[in-house]
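Here the structure is laid out as structure tokens; the discussion comes afterwards.
Please treat every number below as a calculation from the coordinates, not as lab data. These numbers were taken from a predicted model, which means no experiment stands behind them. Please note: Cβ atoms are built from the backbone with ideal geometry, for glycine as well, and neighbour counts cover all protein chains shown.
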Amino acid sequence: MSSETDTVQVDPRQLPVESFTDSDIARITLVKAAELRAAGYGKFAQMVSEDLARSGDYVRQAVRLEGSAEGTFVTDAVIAERVRGASWEVIGEAAHMTAAEAEEKWSGHEARWRRASRADNLYRKTPGAYAASADRYLTTATPYQFSEGRPLSASLDAAAHLTGRDVAAADHAFAGTTCTHCSH
């Protein structure tokens, strides 16, 4: 059985708990965190698309998802709020700061966005294409289903006895080193 190319069906619920390595647990934790984050962003996208949000909700939810008022996602939420008429007071409250702090932090971003032309901004250049892409995301039950991907469980150390996975070779490859028996 080849170790990394064949996908063997593994039911991870059937694997003994003690067979999971620290590497398995860390990778499971990371994938679950990505799944939860993706679900949160998906709910955010749904909120925006349904146009049921109240003033401040975009920023409030973006700050919650990002864990702070930093980053381009929060900035994009602020711009969307401002374009729709939200005051700096509402944005400041949603971002846990004063109106003056919010205005100082984001007014330059808003001004640049408002000055952008179709040539400067892809979303302004072809908004219909991006709206169609958003529609696909919002109306597909599993928008990012990777049919070519291999399930995490097939690459767990705990499933190596079922899949034929060479754990040492995989660990060496991950670390950027080569396993001596793999280099032949």
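Over all directions, what mean area does the Cα convex hull of segment 84-125 project, stated in square nanometres?
The directionally averaged projection comes out at 3.3 nm².
Stretch Ala141-Arg13 to full length: gain in nm at 0.36 nm per residue minus the Cα-Cα span?
On the way: separation 128, 0.36 × 128 = 46.08 nm, distance 2.45 nm.
Going from the current span to full extension adds 43.6 nm.
Taking square-rooted eigenvalues a ≥ b ≥ c of the alpha carbon gyration tensor, is segment 54-167 rounded, prolate or oblate, where a/c under 1.5 means rounded and, failing that, a/b exceeding b/c means prolate? Could you put the intermediate results ahead of the total?
Values: a/c = 3.02, a/b = 1.88, b/c = 1.61.
Prolate is the answer for segment 54-167, as a/c is 1.5 or above and a/b outweighs b/c.
Which of the GluC sites (Glu not before Pro) across segment 65-101 are loop residues per DSSP, with 16 or fewer other Cβ within 10 Å?
Values: sites: Glu66, Glu70, Glu81, Glu89, Glu93, Glu101; in loops: Glu70.
Qualifying residues, ordered by number: Glu70.
Give the cross-link partners of Lys125 among the aspartates and glutamates, using a straight C-alpha distance below 19 Å as the criterion and excluding same-chain residues fewer than 8 apart.
Within the straight-line limit of under 19 Å, Lys125 reaches these aspartates and glutamates: Asp76, Glu110, Asp135.
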